[in-house]
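To keep things clear, I will list the structure first and then write my remarks on it.
The values are calculated or read from the model by the stated rules, or taken from the named source; none is laboratory data. Being a predicted model, the structure only gives us computed values, none of them experimental. Backbone-built Cβ (ideal geometry, glycine too); neighbour counts: all protein chains shown. The area values use the complete protein model at the heavy-atom level, side chains included, leaving out ligands, DNA and RNA. Shrake-Rupley method; radii C 1.70, N 1.55, O 1.52, S 1.80 Å.
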Amino acid sequence: MRAQRTQRPRRAAVTGIGVIAPNGQRPDAYWKAVSEGVPVLDRITREGCDHLPLRVAGEVRAFDASALIEDRFLVQTDRFSHFAMAAAALALDDAGLGSGDPAEPFSVGVVTAAGSGGGEFGQRELQKLWGQGSKFVGPYQSIAWFYAASTGQISIRGGFKGPCGVVASDEAGGLDALAHAARAVQRGTGTMIVGAAEAPLAPYSMVCQLGYPELSTVDDPDRAYRPFTADACGFVPAEGGALLVVEDEDRARERGATVRATVAGHAATFTGASRWEESREGLARAIRGALDEAGCAPEEIDVVFADALGVAEADRAEALAIADALGAHGTRVPVTAPKTGIGRAHCAAPVLDTVAAVLAMEHGQVPPTPNVSDICHDLDLVMSRARPAELRTALVLSRGLMGSNAALVVRRAGESAR
């Protein structure tokens, strides 16, 4: 009897990266700033925000949407979708897929995560409603504010007709979206464009955030966001985001694409809004689940990109969760939080961390944690300057203000379970 041939499971490979961040609007610029630990947090300059108690954030400055996106899309969309469309185009170019219509449109899907939605567009149209009347409200108000707007516009702009979706699962949704895309590839979809972008610095959006007790209102950019320290006083928000191209590894290699990393494992849990003590168990379970899916032992993790909320109780819970899940290795593995230099871009924050993890593995460096020089937790937090290291496997962590927890394992190109 002839032996049945077994086919290797499809692996989801990262082949393209696009970044629009406060510290860089291309992957190379982003990595330069991240690896050098350059902080860009500063006083908020957006119009209509100067009277609010939130004074410091990570703004994407000198972003010219009209130079990157066609007018017909600009008038329909909010700033958060402008970031997403620009980052998606950069990712497609990086993957060698950016020219013309897709050859197989039904094999390309899009999934994004969003937390703040289109607050600037929505505020502008509601002001017209209150000040001038309903006839002055544009028709795109019905879609531009919506969480799914970026997914829709990226797919329409690119002519992508594969499986599309939006993940609304708190800040951790950025990692959940990456897992969603990886599993779509494993089920047979050829290519997924995935990530998150946020624009939470319009006055309306900022007022909504003022209800979060975890928000930092310190007006000194150097001290407003210092997780894992005795001076931790909350987080500062940021705008921007990142999109990645994820595709079947074998197919990518067949077409001559550069495989930058593989998405190896993911898991998520839920522990409730602001229940930071309980997030210890939830995050530890997510880490264990991601390791199990990746077939990865705790000691194989070479670097951890921390959630780093900046709230004493939450920071303690995260440090303990890392120790719970990784055992003794949890106090030895290098930990970093590059987001302290740019702020937490809500759902986009863990996607930017994932990009940093991929680039860190490529460059053999653990980037530093800006503005943090003394910690009060048993972690090997990388501070001051980048640390050279051979990085084969990275763990990215994220928690949401409403209680979601997620962990993602990514591997350097060419690496498999050891």
Handout entry: Residue that is most open to solvent (accessible area, probe 1.4 Å) [pool: residues in the range 344-384 that are of a type in the set (Gly, Ala, Ser) and under 15 Å from residue 225 (Cα atoms)]
Key = 373
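Could you identify the single residue in 214, 249 that is acidic (Asp, Glu), within 21 Å of the chain's Cα centre (by Cα) and assigned by TED's automatic domain parsing to the domain that holds residue 176? Show your work before the answer.
Details: 249 fails: within 21 Å of the chain's Cα centre (by Cα).
Of 214, 249, the one residue that is acidic (Asp, Glu), within 21 Å of the chain's Cα centre (by Cα) and assigned by TED's automatic domain parsing to the domain that holds residue 176 is 214.
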Practice task
Out of the residues in the range 31-54 that are more than 21 Å from the chain's Cα centre (by Cα) and not charged (D, E, K, R), state the one that is surrounded by the most Cβ atoms within 10 Å (Cβ to Cβ).
Solution key: 54
Handout entry: Selected residue (criterion: surrounded by the most Cβ atoms within 10 Å (Cβ to Cβ)) from residues of the range 385-398 that are in contact with a Gly (Cβ under 8 Å, 6 or more places away or on another chain) and part of a strand (DSSP E or B)
Key = 398
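This table checks each residue for (1) under 20 Å from residue 237 (Cα atoms); (2) in contact with a helix residue (DSSP H, G or I) (Cβ under 7 Å, 6 or more places away or on another chain).
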{"residue": "15", "(1), (2)": "no, yes"}
{"residue": "19", "(1), (2)": "yes, yes"}
{"residue": "24", "(1), (2)": "yes, yes"}
{"residue": "28", "(1), (2)": "no, no"}
{"residue": "47", "(1), (2)": "yes, no"}
{"residue": "51", "(1), (2)": "yes, no"}
{"residue": "59", "(1), (2)": "yes, no"}
{"residue": "77", "(1), (2)": "no, yes"}
{"residue": "82", "(1), (2)": "yes, yes"}
Exercise for the section: Examine the range 370-379 for a residue that is under 13 Å from residue 302 (Cα atoms) and at pLDDT 95 or above, and state whether such a residue exists. Expected result: no
Completion exercise
Only one of (1) in contact with a strand residue (DSSP E or B) (Cβ under 8 Å, 6 or more places away or on another chain); (2) among the small types (Gly, Ala, Ser); (3) open to solvent by 20 Å² or more (accessible area, probe 1.4 Å) does not apply to residue 62, and that is (1)
Practice task
For residue 163, state whether it is more than 23 Å from residue 21 (Cβ to Cβ) and either without any contact (Cβ under 8 Å) to a residue 40 or more places away in the chain or charged (D, E, K, R) (or both).
Solution key: no
Exercise for the section: With the condition kept exactly as written, say whether any residue in the range 360-372 is part of a strand (DSSP E or B) and within 14 Å of the chain's Cα centre (by Cα). Expected result: no
Exercise for the section: Would you be able to say whether some residue in the range 262-273 is of a type in the set (Phe, Trp, Tyr) and under 17 Å from residue 212 (Cβ atoms)? Expected result: no
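Which residues, taken from the range 42-51, are of a type in the set (Asp, Glu) and part of a loop (DSSP other than H, G, I, E, B)?
Of everything in the range 42-51, those that are of a type in the set (Asp, Glu) and part of a loop (DSSP other than H, G, I, E, B) turn out to be 47, 50.
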Exercise for the section: Take residue 39 and decide whether it is within 27 Å of residue 387 (Cα to Cα) and in a loop (DSSP other than H, G, I, E, B). Expected result: yes
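For every residue, the table says whether it meets (1) part of a helix (DSSP H, G or I); (2) out of contact with any strand residue (DSSP E or B) (no Cβ under 8 Å at 6 or more places or on another chain); (3) among the hydrophobic types (A, V, I, L, M, F, W, C); (4) under 26 Å from residue 204 (Cα atoms).
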{"residue": "13", "(1), (2), (3), (4)": "no, no, yes, no"}
{"residue": "19", "(1), (2), (3), (4)": "no, no, yes, yes"}
{"residue": "53", "(1), (2), (3), (4)": "no, yes, no, yes"}
{"residue": "66", "(1), (2), (3), (4)": "yes, yes, no, yes"}
Practice task
Hey, can you tell me all the residues within the range 297-316 that are open to solvent by less than 10 Å² (accessible area, probe 1.4 Å) and either in a helix (DSSP H, G or I) or outside the structural domain of residue 387 (by TED's automatic domain parsing) (or both)?
Solution key: 314, 315
